1. Which whole-number percentage describes the relative contact order of chain B, with Cα contacts under 8 Å and a sequence gap of 6 or more?
2. What are the label-to-label distances in nm, one decimal and shortest first, from B:Tyr102 to the same spot in the other copies, with labels 7 Å along Cα to Cβ?
3. Using a 1.4 Å probe, what is the accessible area per residue for segment A:99-139, in Å²?
4. Please report, as a whole percent, how much of the solvent-accessible surface of the protein assembly as shown comes from carbon and sulfur atoms (probe radius 1.4 Å).
5. Using a basic spin-label model with each label point 7 Å from the Cα along Cα→Cβ, how many nm lie between B:Arg24 and A:Ala55?
6. Please compute the length gained on full extension between A:Phe101 and A:Gln81, using 0.36 nm multiplied by the number of residues separating them and subtracting their Cα-Cα distance.
7. Given Cα pairs under 8 Å that are at least 6 residues apart, what percent is the relative contact order of segment B:74-114?
8. Work out how far the C-alpha atoms of segment A:65-142 reach from end to end along every principal axis, then list the three figures in whole Å, largest first.
Number of protein chains: 2
Amino acid sequence: MEQRISLVTLGVTDLPRARRFYERLGWRGQEVEETVFFQAGGLALVLWGRDKLAADAGVPDTGPGAMTLAQNVRSRTEVDQTLALAAEAGARITRPAAETFYGGYAGCFTDPDGHVWEIAHNPGFPLAADGTLTVPDFGAGS
Amino acid sequence: MEQRISLVTLGVTDLPRARRFYERLGWRGQEVEETVFFQAGGLALVLWGRDKLAADAGVPDTGPGAMTLAQNVRSRTEVDQTLALAAEAGARITRPAAETFYGGYAGCFTDPDGHVWEIAHNPGFPLAADGTLTVPDFGAGS
């Protein structure tokens, strides 16, 4: 598994309020399907409903402050390999790898302290050779 | 506030177990004062005691999966300015800016959904012009 993070997702209870907060800090993002993506250096900071975040990962909602990590990889095979490696290392697979609604392929595990990692192949999010991720232009104008 | 993350810190209950897990995934880090730092692209993934993580941020322990974000900035003035901006935007300042034990200067806030951000000036962690952070060589040999 490469030593990098592609997305940090913050679970929120009021998406417009959360987005406004980060915009008042000077951040600029794009909203797509009730999800806000901010380019943050070589990764994305994402705002998403806290209930959806937990359900999607196959874990209970951990309450205020909930956040999850994701690593995007270069192929579906690499998703399978990384989840298998994590399971061997003692991770709990909380969502087996499967096709995603956005046309990708992903699964989730938790580390021994319950931190969620999604391992995803998402052809829509360009990955550079060094692993940095670029949030695509969704063309939504916001 | 720049649009970037310098550190993602995972709260753990058994540091050697957590470190072993990430090492079995192929990650290599350095341990200093019961803290493990992994270079992860342009930021650091950090393992730290969950009790210390909460106490340090001035928030209650949120249980399994707890993690916090940090942004390192270029001066003490920028720490003060960023915390003031966050407070104006509706953040709760959970730890006012103050000198830190490692010779830096930092404070913490929570966003409207309780996510912790530490804003820190840490002369020991080099920041590149583009904001990427490099974990220094602590010379601990591990």
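1. This gives 25 percent for chain B.
2. Shortest to longest, the spacings are 3.1 nm.
3. I get 41 Å² per residue for this part.
4. Carbon with sulfur: 53 percent of the solvent-accessible area.
5. It works out to 3.2 nm between the two label points.
6. Result for the pair: 5.1 nm of gain on full extension.
7. With pairs under 8 Å counted, the relative contact order is 39 percent.
8. That gives 42, 32, 26 Å along the principal axes, largest extent first.
The values are calculated or read from the model by the stated rules, or taken from the named source; none is laboratory data. These numbers were taken from a predicted model, which means no experiment stands behind them. Cβ sites come from the backbone with ideal geometry, for glycine too, and all protein chains shown count toward neighbours. Each accessible area value is taken on the protein alone, full model and side chains, heavy atoms only, with ligands, DNA and RNA left out. Shrake-Rupley method; radii C 1.70, N 1.55, O 1.52, S 1.80 Å.
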